[in-house]
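The values are calculated or read from the model by the stated rules, or taken from the named source; none is laboratory data. The model shown is predicted, which means the values in this text are computed figures rather than measured ones. Please note: Cβ atoms are built from the backbone with ideal geometry, for glycine as well, and neighbour counts cover all protein chains shown. The protein model used for the area step is the full one, side chains on, heavy atoms only, and it has no ligands, DNA or RNA in it. Shrake-Rupley method; radii C 1.70, N 1.55, O 1.52, S 1.80 Å.
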Amino acid sequence: MKEVVQRNEVVKTVEKKKTSSFRFLDLFKYTALSIISFISIFPFVWMILGMTNTAIDISGGKLKIGDNLIVNFQNLFSNDLNFMRSLGNSAMIAVVTTVFALLISSMAGYGFEIYKSKRKEKVFNILLLSMMVPFAALMIPLYRMFSQLNGTVLGINSFLVVILPSVSTAFLIFFFRQNAKSFPKDLVEAARLDGLKELSIFFRVYLPTAKNTYAAAAIITFMSSWNNYLWPLVALQSPDKRTVPLVLSAMGASYTPDYGMIMAGLVIATLPTAIVFFVLQKQFVQGMIGSVK
């Protein structure tokens, strides 16, 4: 009996030590996560508070809700830079780029995985190597190429000049190919036996099974296109064709920038990408997991 009692006491002490260690680890974990979350969310909170204050209050570091919200929005929409037009330009470019990028890149990734060829891997490796070239190195050749097409729809200062370089990227092709690896090849063979053509197999068999991948790719492409700054700065030279990043940059480049107006513009510019992400966040996680497998 004494041995049993001693064993029970030892077990209880071990369990107490485990629970105390777990509590300490949980406390440390939640504290670290709280600090990281505060650091991550603080710029957004400061941006939202800033759009309600004047430029002087923002420069002074005021972190309270002000009473200048309506004035900031009035200045934003009555500005000579035409913020509303830039929103329409950015939305059109981002939506068209996303639709065509998903279609073309998914077909390329599907083709690289499904169809057999000896030279396929070499072409794909060269495609992956292109990801190592920074866009700044491609900007001058792209500008010279499109400038030779001036006077057409593909000339400089056209929205297509901004859209076309982003329609097919090595990353998206790689992303869709990784997802196509988990696609059962037996379905393709069965569809071919049923008489379906290759395009019909892609649209009617493969595409419905890759909805999560398309959602993840749509978020990445839309956010990248919406926030694109460098290439539109070079390619779009007319004030009426500026996108949101260009207009916000021009607001901050003035001699006396109105920080309250800029904060209001930043909040509006952040909303589309935030809405797209929160609406598709479940599919985004599932699509990213599926592409890694």
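Restricting attention to region 233-246, and to residues there that are within 20 Å of the chain's Cα centre (by Cα) and part of a helix (DSSP H, G or I), which single residue is nearest to residue 93 (Cα to Cα)? Talk me through it step by step, then tell me what you get.
Applying the first criterion (within 20 Å of the chain's Cα centre (by Cα)) to region 233-246 yields 233, 243-246.
Cutting the leftovers down to part of a helix (DSSP H, G or I) gives us 233, 244-246.
Numbers: 233: 14, 244: 11, 245: 13, 246: 14 Å.
Ranking the qualifying residues of region 233-246, first place goes to 244.
Could you give me the residue pairs with C-beta distances under 7 Å whose first residue belongs to region 102-115 and is more than 13 Å from residue 167 (Cα to Cα), whose second residue is polar (S, T, N, Q) wherever it lies, and which are 6+ apart or on separate chains?
Once the first residue is more than 13 Å from residue 167 (Cα to Cα) and sits in region 102-115, no partner that is polar (S, T, N, Q) comes close enough.
Of everything in region 153-175 that's touching a residue at least 40 places away in the same chain (Cβ under 8 Å) and open to solvent by 30 Å² or more (accessible area, probe 1.4 Å), which residue is nearest to residue 120 (Cα to Cα)?
Here the answer is 174.
Restricted to region 187-221, and to residues that are without any contact (Cβ under 8 Å) to a residue 40 or more places away in the chain and of a type in the set (D, E, K, R), which residue is surrounded by the most Cβ atoms within 10 Å (Cβ to Cβ)? Steps first, please.
Filtering region 187-221 for residues without any contact (Cβ under 8 Å) to a residue 40 or more places away in the chain gives 187, 189-201, 203-205, 208-209.
Those still in the list that are of a type in the set (D, E, K, R) too: 189, 192, 194, 197-198, 204.
Details: 189: 11, 192: 12, 194: 10, 197: 9, 198: 14, 204: 11.
Filtering first and then ranking leaves 198.
Name the single residue, out of those in region 22-55 being farther than 18 Å from residue 266 by Cβ and within 25 Å of the chain's Cα centre (by Cα), that is most open to solvent (accessible area, probe 1.4 Å). Full working, then the answer.
The first filter runs over region 22-55 and keeps only residues farther than 18 Å from residue 266 by Cβ, leaving 22-39.
Next, only the ones that are within 25 Å of the chain's Cα centre (by Cα) stay: 33-39.
On the way: 33: 91, 34: 73, 35: 96, 36: 100, 37: 67, 38: 130, 39: 112 Å².
Checking each candidate, the answer is 38.
Taking region 266-284 as the region of interest, how many residues are in contact with a Phe, Trp or Tyr (Cβ under 6 Å, 6 or more places away or on another chain) and in contact (Cβ under 8 Å) with a residue 60 or more places away in the chain?
Of region 266-284, the ones in contact with a Phe, Trp or Tyr (Cβ under 6 Å, 6 or more places away or on another chain) are 273, 276.
If we keep only those that are in contact (Cβ under 8 Å) with a residue 60 or more places away in the chain too, we end up with none.
Result for region 266-284: 0.
Just to check your reading of the model, which residue among 150, 157 is touching a Lys or Arg at 6+ places or on another chain (Cβ under 7 Å), in the same structural domain as residue 189 (by the TED database) and of a type outside the set (Ser, Thr, Tyr)? It would help to see each step written out before you state the result.
Values: 150 fails: touching a Lys or Arg at 6+ places or on another chain (Cβ under 7 Å).
Selected residue: 157, the only one of 150, 157 that is touching a Lys or Arg at 6+ places or on another chain (Cβ under 7 Å), in the same structural domain as residue 189 (by the TED database) and of a type outside the set (Ser, Thr, Tyr).
Kindly evaluate residue 58 against the criterion of being modelled with pLDDT under 90 and surrounded by 10 or more Cβ atoms within 10 Å (Cβ to Cβ). Show your work before the answer.
Working: modelled with pLDDT under 90: yes; surrounded by 10 or more Cβ atoms within 10 Å (Cβ to Cβ): yes.
For residue 58, the condition - modelled with pLDDT under 90 and surrounded by 10 or more Cβ atoms within 10 Å (Cβ to Cβ) - is met.
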